[in-house]
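Engineer: The structure follows.
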Amino acid sequence: MKHLFLIATLVLAVAACNLSSKLKSTNNSNSSSSSNGSETIGGEQVERANPTAAQSAAIANGQEVKWDQQGITWTMPASWNKQEIRTETFGYGGGGAFLSGNISTMDPSFPTEVSIKAMYESAKTSQKMGKYDEVKWLEIDGLRGIEFRESKPEMSDDIRRLEWQAYRKYAGQNQLVTLILSTNAASFPKRQDELYGILFSMKVVH
C-alpha cells in the first residue's frame, strides 16, 4: 500500500508540474516578445526584412535615392527615375514599376499602437476574403509595420500592389508612413524581387 501511495503521489506531482508549465506557456503567449528576443504581437511573429539573394541582385549596382524631407533612403535600380518628391509625397519608377510614398501626420494623442493592430486585423480579414495573398508584421530598419501584398487581379493589365505601413515619430510629428510598390499583374512575378529588394533596402529615421 505504501508503494501504491508513493506511486500515486509521484503521478500527481508530475501532473501538477505539467499543468504549471502549460499555464506559464499560456500566460506568456500574449507577451510582446518571445523568449529568443524576436517580437511577437498576439502570437504573430514580427519578421525582419532579410532580402534573398535574388532580391539583393535585383538592386545590385543601383542608385541611392533619398527622400530628404522625411529622412528615408532606398537603393533602386539605376534605370529608375524621379517622378515627384514633395514633403508628404514621393514617387519614383522605372520600366512600368513604381514606388509611391505618403506621409500622414496624426494628432500627438492619436493611439498609434491600437490603430496599427486594428489595421493588421483588417488586412487579415481581407486576406481571408481573397483581397491579399500575404499579410504579416514586418520590421524594416528597426521600424515595425505591416506588409500586405494584393492577390493576382483578374486582368493582366490591372495594377498589383505590395504595401507597407508603419507609424513613427519624426521631426516632432506623429506620422503614418505608407509605401506602395506596384506594377501590372502580368509583370509582377518577374518584378517582385526588384520590388522587395527596394522595400527591404530602406533606411528610415524614427
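Engineer: Pull out all pairs, ordered by first then second residue, where Cβ-Cβ is under 6 Å, the residues are six or more apart or on different chains, the first lies in segment 186-198 and is under 14 Å from Gly94 (Cβ atoms) and assigned by TED's automatic domain parsing to the domain that holds Thr73, and the second is among the acidic types (Asp, Glu) and not in a helix (DSSP H, G or I).
Structural biologist: none
Engineer: Quick one: which of Lys131, Lys169 is more than 16 Å from Ile72 (Cβ to Cβ), at pLDDT 95 or above, of a type outside the set (Val, Ile, Thr) and out of contact with any His (no Cβ under 6 Å at 6 or more places or on another chain)?
Structural biologist: That would be Lys131, the only listed residue that is more than 16 Å from Ile72 (Cβ to Cβ), at pLDDT 95 or above, of a type outside the set (Val, Ile, Thr) and out of contact with any His (no Cβ under 6 Å at 6 or more places or on another chain).
Engineer: Something else about it: How about segment 67-89: which of its residues are under 23 Å from the mean Cα position of the chain (by Cα) and of a type in the set (Phe, Trp, Tyr)?
Structural biologist: Hits for segment 67-89 are Trp67, Trp74.
Engineer: Right, another one. Would a scan of segment 125-147 turn up a residue that is within 15 Å of Ser100 (Cα to Cα), in the same structural domain as Asn102 (by TED's automatic domain parsing) and either surrounded by 14 or more Cβ atoms within 10 Å (Cβ to Cβ) or of a type in the set (D, E, K, R) (or both)?
Structural biologist: Scanning segment 125-147 turns up at least one residue that is within 15 Å of Ser100 (Cα to Cα), in the same structural domain as Asn102 (by TED's automatic domain parsing) and either surrounded by 14 or more Cβ atoms within 10 Å (Cβ to Cβ) or of a type in the set (D, E, K, R) (or both).
Engineer: Which condition does Trp164 not pass, out of (1) outside any strand (DSSP E or B); (2) within 22 Å of Trp80 (Cα to Cα); (3) not basic (Lys, Arg), if it passes all the others?
Structural biologist: (1)
Engineer: Here's something else I'd like to know. Restricting to segment 27-67, count the residues that are modelled with pLDDT of 95 or more, more than 21 Å from Glu134 (Cβ to Cβ) and in a loop (DSSP other than H, G, I, E, B).
Structural biologist: Total meeting the criteria: 3.
Engineer: Another one. Would you check which residues across segment 51-93 are surrounded by fewer than 18 Cβ atoms within 10 Å (Cβ to Cβ) and of a type in the set (Gly, Ala, Ser) and list them?
Structural biologist: Those that are surrounded by fewer than 18 Cβ atoms within 10 Å (Cβ to Cβ) and of a type in the set (Gly, Ala, Ser): Ala53, Ala54, Ser56, Ala57, Ala60, Gly71, Ala78, Ser79, Gly91.
Engineer: Moving to a separate point now. Would segment 114-132 turn up any residue that is more than 25 Å from Asn61 (Cα to Cα) and in a strand (DSSP E or B)?
Structural biologist: Among the residues of segment 114-132, at least one is more than 25 Å from Asn61 (Cα to Cα) and in a strand (DSSP E or B), which makes the answer yes.
The values are calculated or read from the model by the stated rules, or taken from the named source; none is laboratory data. Just so you know, these numbers come straight off a predicted model, no measurement behind them. Don't worry about glycine lacking a Cβ; one is built from the backbone with ideal geometry, like all the others, and counts go over all protein chains shown.
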